[in-house]
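Participant: Next up is a structure, given as structure tokens.
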Amino acid sequence: MTTQFTLSGRARALTSSAIREILKVTERPEVISFAGGLPSPATFPVERMREATEKVLRDSPHAALQYGPTEGFTPLREWIAERLSRNGAKIPASRVLITTGSQQGLDLLGKVLIDEGSKVLVETPSYLGALQAFSLFAPAFASLPSDAQGIVTDQISPADLEGARFLYCLPNFQNPTGRRMPLERRKALVELAAKAGVPLVEDDPYGELSYGGEALPSLLSMNPDGVIYMGSFSKVLAPGLRLGYVVAPEEILGKMVQAKQAADLHTPSFSQRIVYEAVQDGFIDKHIPSIRALYGAQCEHMLAALEREFPEQARWNRPEGGMFIWVDLPEGIDSGALLAKAIEHNVAFVPGAPFYAVEPRRNCLRLSFVTVPAEKIDHGIKVLGELLKAEIAA
Ligand code: PMP
């Protein structure tokens, strides 16, 4: 008898996105891709990682190659807690869980907080990877009104928040839009959520990548008992390390620890110890300004190209940090169709629709400006501008 694989309902609900299929061609070297969410490899501190790795293998080889506690390597948890406590909030290390990338934090969150049909609040648009992670647990997503400054707090009523398991948001240089939530809205959001008794989930991998302006206080620092915070070393060191962290009140963190134990026992001891060594002696604070300088210059370059090449009917933001620019196109233009044409001309971007949990908009797209060299940015944006003008004229 042939073997039958009867898939779970959860697995049957998984789909491979059409866009992912289209974007596979972006791996061809001749394609100028503004589609990737990858940090620039030019920012990876290779020499520092080599030294840190050698030190770990010299000083603590057996511990580094052994199993470790699910919560994570204690000195690294302490370092993270101390860093997050710099702006006033007192975060104890007991509230920090080291995860295998912050993407795992999103999965664990889904596991411990979402039942089928649970109400989960998100921004419009929101991070696709979070929507995918939560979707495995079949929530009922509800979108909150959002504009160029994030969630429009004065358009939210207590009824919008009622019964939600959590509200997932990205206050700093959001993926996909690059937008940042101003201080007043942060305060209003924390107050609204606290009044409604709804946890905020603050996803913050880009918080350190501000190009110049003052850092704004995290939601976590405003209400540590009401916020689950996610951070990552992917954008400030390197994503291949797969190192992220969750900060949460102990009761909920304990549940995430149990869920993580079932998932992968713990985050690799080796990566954790290497990163702990790498960040010593203020290295990270010396390293981050070089990432900001590169990304800030790349961003300016793309903005100038957009100004030159894109039709006046298109609108985009001026990000103050992060890796992305969001473009709004005139009504009726489908960025998915535009992508198919762009790929014929060896240029790629990500269409906006998949970033919407409900009621997708098609006349928008995301551009990453960090990995493509300046002269290729110029050419790629010129090609997109021409295609867009032709589309508008059609
Ligand atoms: N959250 C957001 C908003 C992201 O953009 C990313 C990476 N694309 C992640 C989480 C996951 O990051 P990692 O797992 O590498 O820490």
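What follows draws every value from the coordinates through simple rules; no lab data is involved. These numbers come from a predicted model, not from an experiment. All Cβ positions, even for glycine, are placed from backbone atoms using ideal geometry, and neighbour counts span all protein chains on display.
Participant: Enter the mean projected area of the convex hull around the alpha-carbon atoms of the range 1-135, in nm², rounded to one decimal.
Facilitator: Numbers: hull surface 61.6 nm².
Result: a mean projected hull area of 15.4 nm².
Participant: Report the net charge of residues surrounding residue 361, where surrounding means a beta-carbon distance below 14 angstrom and charges are Lys +1, Arg +1, Asp -1, Glu -1.
Facilitator: Numbers: positive: 315, 362, 366; negative: 123, 147, 328, 331, 334, 359.
Around residue 361, the charge tally is -3.
Participant: Quick one: pull the percentage of alpha-carbon pairs in the range 239-394 with a separation above 25 Å.
Facilitator: Values: 6031 of 12090 pairs.
Value for the range 239-394: 50 percent of Cα pairs lie more than 25 Å apart.
Participant: Here is a further query. Please get the size of the charge dipole for the range 49-282, origin at its Cα centre, with Cβ charges of +1 on Lys and Arg and -1 on Asp and Glu, quoted in debye to the nearest 20.
Facilitator: Values: 22 positive and 27 negative charges, 53 e Å.
Roughly 260 debye, rounded to the nearest 20.
Participant: Suppose only helical runs count, i.e. DSSP H with n ≥ 4. What mean residue ellipticity at 222 nm does that imply for the chain under -39500 (n - 2.57) per run, divided by all residues and rounded to the nearest 500 deg cm²/dmol?
Facilitator: Details: 15 runs with 164 residues, N = 394.
For the chain, the value works out to -12500 deg cm²/dmol.
Participant: Classify the range 208-256: rounded, prolate or oblate, from the alpha-carbon gyration tensor (a ≥ b ≥ c, eigenvalue square roots; a/c under 1.5 rounded; otherwise prolate if a/b is larger than b/c)?
Facilitator: On the way: a/c = 5.82, a/b = 1.22, b/c = 4.76.
Note, shape of the range 208-256 comes out oblate.
Participant: Right, another one. In degrees, nearest 10, range 0 to 90: what is the angle between the Cα axis of helix 74-84 and the longest Cα principal axis of the chain?
Facilitator: Roughly 50 degrees between the two axes.
Participant: Calculate log10 I(q)/I(0) of the range 120-163 for q = 0.27, 0.32 Å⁻¹, where I(q) comes from the Debye formula with a single equal point scatterer on each Cα and nothing for solvent.
Facilitator: Log10 of I(q)/I(0), two decimals: -1.01, -1.15.
Participant: Report the Rg/Rh value for the range 2-62, based on alpha-carbon coordinates and the Kirkwood definition of Rh. Write out the running numbers ahead of the final one.
Facilitator: Working: Rg = 20.9 Å, Rh = 16.8 Å.
Radius of gyration over Kirkwood radius for the range 2-62 works out to 1.25.
Participant: I would also like to ask the following. For the range 102-177, take the convex hull of the Cα atoms, compute a quarter of its surface area, and give me that in nm², please. Mind showing how you got there, number by number?
Facilitator: Details: hull surface 19.3 nm².
It is 4.8 nm².
Participant: Please pull out the direction-averaged projected area of the chain, using the convex hull of its alpha-carbon atoms, in nm² to one decimal place. Let's see the in-between values first.
Facilitator: Details: hull surface 87.9 nm².
One quarter of the hull surface, i.e. the mean projection, equals 22.0 nm².
Participant: With charges only on Cβ, +1 for K and R and -1 for D and E, what is the dipole size of the chain about its Cα centre, in debye, rounded to 20? Walk me through the numbers before you get to the answer.
Facilitator: On the way: 40 positive and 46 negative charges, 113 e Å.
In total the dipole reaches around 540 debye.
Participant: What percent does the relative contact order of the chain come to when contacts are Cα pairs within less than 8 Å and at least six residues apart?
Facilitator: Numbers: 709 pairs, mean separation 91.1, N = 394.
Computed value for the chain: 23 percent relative contact order.
Participant: How large is Rg/Rh for the range 345-385, to two decimals, with Cα atoms and a Kirkwood Rh? Show your work: numbers first, answer last.
Facilitator: Details: Rg = 12.2 Å, Rh = 11.5 Å.
Result: Rg/Rh = 1.06.
Participant: If you don't mind, another one. From the gyration tensor of the Cα coordinates in the range 49-282, what semi-axes in whole Å does the equivalent ellipsoid have, largest first, with each one equal to sqrt(5λ)? It would help to have the intermediate numbers written out before the result.
Facilitator: On the way: eigenvalues 187, 77, 46 Å².
Taking √(5λ) for each Cα gyration eigenvalue gives 31, 20, 15 Å.
Participant: Can you spot the lysines whose alpha carbon is less than 21 Å from residue 341's alpha carbon? Ignore those fewer than 8 places along the same chain.
Facilitator: 24, 376, 382, 389
Participant: Let me know the charge dipole size of the range 294-394 about its Cα centre in debye, to the nearest 20, where only the beta-carbon of Lys, Arg (+1) and Asp, Glu (-1) is charged. Display every interim value, and only then the final one.
Facilitator: Working: 10 positive and 14 negative charges, 28 e Å.
Approximately 140 debye in magnitude.
Participant: Let me ask another. List, largest first, the extents of the alpha carbons of the range 193-299 along their principal axes, each in whole Å.
Facilitator: 41, 38, 25
Participant: Which of 169, 228, 11 sits closest to the plus end of the dipole of the chain, meaning its Cα is farthest towards the positive end, when Lys and Arg get +1 and Asp and Glu get -1 on the C-beta?
Facilitator: 11
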